[in-house]
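Below is one structure, written out as structure tokens, with a few remarks after it.
The values are calculated or read from the model by the stated rules, or taken from the named source; none is laboratory data. Only a predicted model underlies this, so the values are computations on that prediction, with no experimental measurement involved. Every residue, glycine as well, gets a Cβ built from its backbone with ideal geometry; the counts of neighbours run over all protein chains shown. Protein only, heavy atoms only, side chains kept; ligands, DNA and RNA dropped before computing areas. Shrake-Rupley method; radii C 1.70, N 1.55, O 1.52, S 1.80 Å.
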Amino acid sequence: MTETSDGVLRGSGPDSAPASLPAESGPGPALAASGGFGAAERAVRRAADHLLAAQDDEGWWKAPLETNVTMDAEDLMFRQFLGIQDERLTTATGRWIRAQQREDGAWPTSHGELGDLSTTIEAYVGLRLAGDAPDAPHMASAAAWVRDQGGIAASRVFTRIWMALFGWWKWDDLPELPPELIYFPKWFPLNIYDFSCWARQTIVPLTIVSAKRPVRPAPFALDELHTDAAVPNPVKLPASVASWDGVFQRLDKALHAYHKAAPRRLREAAMNSAARWIIERQENDGSWGGIQPPAVYSIIALHLLGYDLDHPVLKAGLESLDRYAVWHEDGARMIEACQSPVWDTCLATIALADAGVPAGHPQLVKAADWMLSKQITRPGDWSVRRPRLAPGGWTFEFHNDNYPDTDDTSQAVLALLRTGHPDRSRIDAAVNRGARWLVGMRSKNGAWGAFDADNTSPFPSRLPFCDFGKVTDPPSADVTAHVIEALAALGPQHTAVTRHAIDWLLAEQEDNGAWYGRWGVNYLYGTGAVVPALVAAGLPAAHPAVRRAAGWLASVQNPDGGWGEDLRSYSDPQCAGRGDSTASQTAWALMALLAADEADSDAVERGVRWLTDTQLENGSWDEPHFTGTGFPRDLPMNYHLYRTVFPLTALGRYLQRQR
């Protein structure tokens, strides 16, 4: 698997012939005069050919999923901790980290953003491990920037855990995570199932690490990253006992006291139970949930309990981590936080179908076969809250049987319905299983979270440990919209379910007419998901909510004709819909406007023209901006396939409307 110049991983499949798109049947008079229809048709043909050529022989698509350099730096620290450094990997990873540094010495969490303290600290340590001298200009400027921001003491908990592993921070100065959490019953506050699946997979192994408090010999000092090396952790006054923060700070103090007095047998039993929980959730490919962070912490935890690195569990886990590496042509090595083949394949299939590729095209049939093979048919952690629900979902990654999600499942249903697979009984059976699972995964309010139902406890986010990202999985507008769209495509049998969810969506609409985007940036993503879903479920384009959304989209269109929104909107709603134009976000806006019956509007024509004018010769688009999210604000993501699949979807739907 190699990476092309635009970031798409090209498979070993055949270079496709033209996609056999339907012949032009003629645009409307105004569009014909502008030449926009022909440009859109040419853009669709190029993008479809580009996408077809990128398919793997097995039927899937996958492009790199880029986050930030903490993944790369932590990979180096992980290997240093276990004593498995590799000079080639270290050199290549250092090259990638070095290339992402800003001129002010810091490292951001995404393209174009300001520096982030924890990211910069971890990147600095990673480069020290790669051999960069602290007095080198780029290192000295990074250290000075860190000190200006408060030093290691001001970084997030995960960063300070990595520092503690090498004695650069004291374990006593970290929040306590007792392994006895594993024994909390499912009805008890702060049991492990109160946390989102991604937090749960990380917290369980970290309870073992927290109990063991290991310290490996530090290969160098980090005094230059403290504001005062003599007092690295200045005393802070606790919050008021009348506040939630004050309550949980005092709870953490009590847990530190318990750490010193914990009954030895109980603690050992709890750690062993946590280890069994971890091992039971290892995937067939050796990973944990198909996500890099839980794999790293699980391997460390099990190794601390005496598992040798040659033990089959750890050996498979270490081998799985190598598959998160993306090697660039310049020799740099980037680590993916996770991989998105199911998501990418579903989106690619839908895009090609919207572009006019025949449903029975061999490559769409091959994609359908691969998607059918990835349906999950056994219970996972989701069944804790839905014990009588039959499995039937799809996951995001190659291997993640424990954690299918409603978002991927909805897109798999939509994608399979768009293919002309010769065995319709297989398609129908898989789609119906998926739909039943989706219906069963509704939360009490009628909407959907991504991985669990009713994962809305207010307590996990109050813990001093939880200072990074979302740690629960409440329903979101974008996921709910995708599920509504999938159920609506199956016909009226799910009308009662979708009606309840539509009521929830309508209540969630912002005053400006937009919807919040949980898994994409931000209001453009949410609105681009919700409007097509509402119309697919039967709301007329004249509905007030649809009109308000269309009005908002037109109001935030950039002067160049595109749409863009950056991460500022997550902390400042006044920035909603504001940012440099990007291909994927322009496509989301167009998808919503087309669903709102705005195909002949000036906003749509200008958006289409922006896409056709900015398309690259190879058929894709340039998009360095991060338009996806793992956690809003904290973990932006750049899905490298978004720049192709969403513009192709939007332009394909535009041509359908014009014809």
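Look at the Cα gyration tensor of the stretch 56-110: its axes a ≥ b ≥ c give a/c of at least 1.5 with a/b at or below b/c, and that counts as oblate. Ranked by the mean number of other Cβ atoms within 10 Å of their residues, highest first, the peptides 204-211, 96-103 come out as 204-211, 96-103.
Shown here for the stretch 114-216: chymotrypsin sites (Phe, Trp or Tyr not before Pro) in loop regions (DSSP other than H, G, I, E, B) with at most 12 other Cβ atoms within 10 Å, namely Trp187. The Stokes-Einstein estimate for the stretch 188-323, based on a Kirkwood radius over Cα pairs and taken at 10 °C with 1.306 mPa s viscosity, is a diffusion coefficient of 91 µm²/s.
Convex hull over the alpha-carbon atoms of the stretch 474-554: what's its volume per residue in Å³? Show your work: numbers first, answer last.
Values: hull volume 6.5 nm³, N = 81.
Here the figure is 81 Å³ per residue.
The Rg/Rh ratio of the stretch 484-618, with both radii computed over alpha carbons and Rh defined as the Kirkwood radius, is 0.98. Rounded, prolate or oblate: which fits the stretch 271-352, taking a ≥ b ≥ c as square roots of the Cα gyration tensor eigenvalues, rounded meaning a/c under 1.5, else prolate when a/b beats b/c? Oblate, because a/c is 1.5 or more while a/b does not exceed b/c.
Taken about its Cα centre, the stretch 173-308 carries a charge dipole of roughly 540 debye when the Cβ of each Lys and Arg holds +1 and the Cβ of each Asp and Glu holds -1.
Each 5 Å bin from zero holds the following percent of Cα-Cα pairs in the stretch 138-189: 4, 16, 18, 17, 15, 10, 7, 5, 4, 2, 0.
Classify the stretch 545-594 as rounded, prolate or oblate, taking a ≥ b ≥ c as the square roots of the eigenvalues of its Cα gyration tensor: rounded when a/c is under 1.5, otherwise prolate if a/b is larger than b/c and oblate if not. It comes out oblate by the Cα gyration axes. Rg over Rh for the stretch 356-481 works out to 1.04, both radii taken from alpha-carbon positions and Rh defined as the Kirkwood radius. If you take the Cα centroid of the stretch 252-312 and the Cα centroid of the stretch 379-397, the two points sit 23 Å apart. As a length-normalised measure over Cα pairs under 8 Å and 6 or more apart, the relative contact order of the chain settles at 16 percent. When the Debye formula is applied to the Cα atoms of the stretch 572-651, each taken as the same point scatterer, what base-10 log of I(q)/I(0) results at q = 0.11, 0.15 Å⁻¹? Rounded to two decimals, the profile gives -0.30, -0.56.
Ordering Leu364, Ala337, Leu417 by the projection of their Cα atoms onto the charge dipole of the stretch 333-419, which places +1 on the Cβ of Lys and Arg and -1 on the Cβ of Asp and Glu, puts Leu417 at the extreme positive end.
Above 16 Å, the calculated P(r) of the stretch 123-237 contains 66 percent of its Cα-Cα pairs.
Across the stretch 58-212, counting alpha-carbon atoms alone, Rg and Dmax equal 17.6, 54 Å.
Considering only protein heavy atoms and a probe of 1.4 Å, how much of the accessible area of the stretch 316-436 is carbon and sulfur, as a whole percent? Walk me through the intermediate numbers first.
Numbers: 2040 of 3940 Å².
Roughly 52 percent, rounded to a whole number.
Working note: Cα atoms of the stretch 99-182, range along each principal axis, descending, whole Å: 45, 27, 22.
Protein heavy-atom accessible surface, 1.4 Å probe, per residue over the chain: 37 Å². Over all pairs of different C-alpha atoms, the chain has a mean inverse distance whose reciprocal, the Kirkwood radius, equals 25.8 Å.
Against the compact-protein benchmark of 2.2 N^0.38 Å, the Cα-based radius of gyration of the stretch 397-448 scales to 1.24.
Charges were assigned to the Cβ only: +1 to each Lys and Arg, -1 to each Asp and Glu. The resulting dipole of the chain about its Cα centre is roughly 2100 debye.
Bridgeable lysines around Lys62 (alpha carbons under 27 Å apart, same-chain partners fewer than 8 residues away excluded): Lys315, Lys366, Lys374, Lys470. Grab the beta carbon distance between Glu103 and Asp330, set R0 = 22 Å, and tell me the FRET efficiency rounded to 0.05. Once rounded, the FRET efficiency stands at 0.65.
Using packing as a proxy for protection, rank 88-95, 558-565 so that the peptide with the highest average count of other Cβ atoms within 10 Å comes first. Spell out each step's value before the answer.
Details: 88-95: 18.4, 558-565: 21.0.
With the highest mean Cβ count within 10 Å placed first, the list reads 558-565, 88-95.
Once the chain from Val215 to Ala542 is taken as fully extended at 0.36 nm per residue, the excess over their C-alpha distance is 111.4 nm. Each of Glu617 and Lys315 was given a label point 7 Å from its Cα along the Cα-to-Cβ line. The distance between the two points is 4.9 nm. Accessible surface of the stretch 106-265, 1.4 Å probe: 59 percent of it comes from carbon and sulfur atoms.
Charge tally for Ala142 (other residues, Cβ to Cβ under 14 Å; Lys, Arg +1; Asp, Glu -1): -4.
Placing unit charges on the Cβ atoms of the charged side chains and taking the dipole of the stretch 488-569 about its Cα centre, the candidate lying farthest along the positive direction among His500, Trp552, Ala529 is His500. Gain on full extension, evaluated as 0.36 nm per residue between His500 and Asn233 minus their Cα-Cα distance, stands at 91.0 nm.
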